[in-house]
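Take a look at the structure set out below.
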Amino acid sequence: MIPKLVSGKERAQEMVSFLLRNTCEKMMECQEDLNRCFIDYAKTFDRVNQETLIGVLAKARIQSHERRLIFEIYWNQSAKVKLTSGTTQVLMIQRGVRQGCILSPSLFNLCSEYLLQEAISEKSGLLINGVNINNIRYADDTTSGSIGSHR
């Protein structure tokens, strides 16, 4: 479900820059319109809907015992806020994935990939060596789009 990406921060940044520049140049050569939408998610990990994520994990064929383990780690969370006058009552955390957890980026990517597949038509994008490129992502930044004024 998750597409192959270039590993390493610098390599990924170089690849994204190359793809964007190359796409623009090709469209200018072909005199085609290029429509792009740039998305920068705000508070990325805090916004993951837990119900959606559980459904996405099932659709990704993550085994039920592994889904249960993730559920226990992420959805039985609570916190207290430390104040100068003491601490608050226990607060149940009902959305998001854990900051600093090694699993969180993968869970976010899985969820975001599912949502992008739902939102972006397979027919939009640019065909490069038989592969349809309709979005480019780096961390929590995404660009998606289509070619031509008809899309």
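The values are calculated or read from the model by the stated rules, or taken from the named source; none is laboratory data. These figures come from a predicted structure and were not determined experimentally. Methodologically, a virtual Cβ is constructed for each residue, glycine included, from the backbone with ideal geometry; neighbour enumeration extends over all protein chains shown.
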| Which one of 48, 90 is over 30 Å from residue 24 (Cβ atoms), at pLDDT 85 or above and among the β-branched types (Val, Ile, Thr)? | 90
| message | Need the failing condition index for residue 25 against (1) modelled with pLDDT under 85; (2) surrounded by 12 or more Cβ atoms within 10 Å (Cβ to Cβ), just the number. | response | (2)
| note | Taking first residues from the range 7-36 that are among the hydrophobic types (A, V, I, L, M, F, W, C) and second residues anywhere that are part of a loop (DSSP other than H, G, I, E, B) and at pLDDT below 75, the pairs with Cβ under 7 Å that are 6 or more apart or on different chains are 12/5; 12/6; 15/6
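Go through the range 82-101 residue by residue and tally those that are of a type in the set (D, E, K, R), assigned to a loop (DSSP other than H, G, I, E, B) and over 24 Å from residue 50 (Cα atoms).
Kept after step one, since they are of a type in the set (D, E, K, R), are these residues of the range 82-101: 82, 95, 98.
Then keep just the ones that are assigned to a loop (DSSP other than H, G, I, E, B); that gives 95, 98.
From what's left, over 24 Å from residue 50 (Cα atoms): none.
Looking only at that region, the number is 0.
Inspect the range 31-39 for any residue being within 24 Å of residue 97 (Cα to Cα), surrounded by 12 or more Cβ atoms within 10 Å (Cβ to Cβ), among the aromatic types (Phe, Trp, Tyr) and modelled with pLDDT under 80 and give the result as yes or no. Write out each step before concluding.
Of all residues in the range 31-39, those within 24 Å of residue 97 (Cα to Cα) come to 38-39.
Those still in the list that are surrounded by 12 or more Cβ atoms within 10 Å (Cβ to Cβ) too: 39.
From what's left, among the aromatic types (Phe, Trp, Tyr): none.
Looking for residues that are within 24 Å of residue 97 (Cα to Cα), surrounded by 12 or more Cβ atoms within 10 Å (Cβ to Cβ), among the aromatic types (Phe, Trp, Tyr) and modelled with pLDDT under 80, one finds none in the range 31-39, hence no.
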| query | Among the residues of the range 50-78, which ones are surrounded by fewer than 13 Cβ atoms within 10 Å (Cβ to Cβ) and either basic (Lys, Arg) or in contact with a Ser or Thr (Cβ under 6 Å, 6 or more places away or on another chain) (or both)? | reply | 59, 61, 68
